[in-house]
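We did not get these values from a lab; they are worked out from the coordinates using the rules stated. Values in this document were obtained by computation on a predicted structure and should not be read as measured data. So basically every Cβ, Gly included, is an ideal-geometry build from the backbone, and we count neighbours across all protein chains shown.
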Amino acid sequence: AQKVTQAQTEISVVEKEDVTLDCVYETRDTTYYLFWYKQPPSGELVFLIRRNSFDEQNEISGRYSWNFQKSTSSFNFTITASQVVDSAVYFCALSEGLGASGYALNFGKGTSLLVTP
Amino acid sequence: DTGVSQNPRHKITKRGQNVTFRCDPISEHNRLYWYRQTLGQGPEFLTYFQNEAQLEKSRLLSDRFSAERPKGSFSTLEIQRTEQGDSAMYLCASSPRDREYEQYFGPGTRLTVT
C-alpha cells in the first residue's frame, strides 16, 4: 500500500531563517510522481512541484528547493530565507495510478509552517 | 486561464438533508477528481472522471454519495441523508490531457452538518 509520512506536524521559524520540510514515502510502483502543495489559510491547494521517480535531479525555484532521494524514499522541501507569506500548511503527495491514465494523489497529513516577523 | 471553481464555498445543513456541490474544471481539462479533507488531515481521493465517464470510486464513497459529469465539463457531487461525519472540505481538481499526472485544485466547498 502507498503511504506518505510528514513527521513534522508544526514548524515555527523566524523570518529569514531557512526551513526544511520532510517527506518520506512508500510505494511498490516503479514509476510514480511526487508532489508538493501549499495550502494557505484561504484553503486552496496550490501546486508547487512535480517530480518523476526516474528523475533524481534536485530542483531550485527561487527560494524553494527540493531534494529527491530514491535510496531513502524521501522528497524534502527547503525554503530559504523564509517570509511571513510562506506561512501555510504544506502537503507532500504521491501519485497512485488509476485506470485509463488517471492518478489519485495520496497525501501526507501536512506540515503547518508558521513564519513570524 | 480561470482556475477550477466550486460552488457553494460554504454549506451548512441539518443532519438528514441532501446537499449538492458543483465543480467547474479548467477549460479543456478532461480529467476531474473529487477529494475530501477533514480537519488536520490531507485530502483523500473520492472519485475520478475522464470526460463524462466515472472510472474510479474510492471505498470512502458510500452509497449516500453520487457524482456525475454529464457532459464532460462541470461535475456535481451529491450527498444524501447527510451525517455529522460528512462535515469536511470537499475539493475538486482537474488535469490537462497532456499532463494527466498534474492536478489543479479548486477552493473547495466546506460542508458543516449540524
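In the P(r) worked out for the range B:40-89, what percent of Cα pairs fall beyond 14 Å? Intermediate values should be presented prior to the final figure.
Working: 689 of 1225 pairs.
The proportion of pairs with Cα distances above 14 Å equals 56 percent.
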Quiz item: So what does log10 I(q)/I(0) come out to for chain B at q = 0.20 Å⁻¹, using the Debye formula with one equal point on every Cα and no solvent?
Solution: -1.04
Quiz prompt | Nitroxide proxy distance, nm - points 7 Å out along Cα→Cβ at B:E78 and A:D18 | solution = 5.5 nm
Quiz item: About its Cα centre, how strong a charge dipole does the range B:24-87 have in debye, to the nearest 20, once Lys and Arg get +1 and Asp and Glu get -1 at the Cβ?
Solution: 100 debye
Quiz item: Once you treat every alpha carbon in the protein assembly as shown as an equal point and sum by Debye, what is log10 I(q)/I(0) at q = 0.14 Å⁻¹?
Solution: -0.90
Quiz item: If R0 is 22 Å, what FRET efficiency do you get for A:D55 and A:T80 from their C-beta distance, rounded to 0.05?
Solution: 0.50
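Based on the alpha carbons, how large is the Rg to Rh ratio for the range A:29-117 when Rh follows Kirkwood? Numbers along the way, then the final one.
On the way: Rg = 13.9 Å, Rh = 14.0 Å.
Taking Rg over the Kirkwood Rh, I get 0.99.
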Quiz prompt | Within chain B: Cβ-based charge dipole about Cα centre, in debye rounded to nearest 20 (Lys, Arg +1; Asp, Glu -1) | solution = 480 debye
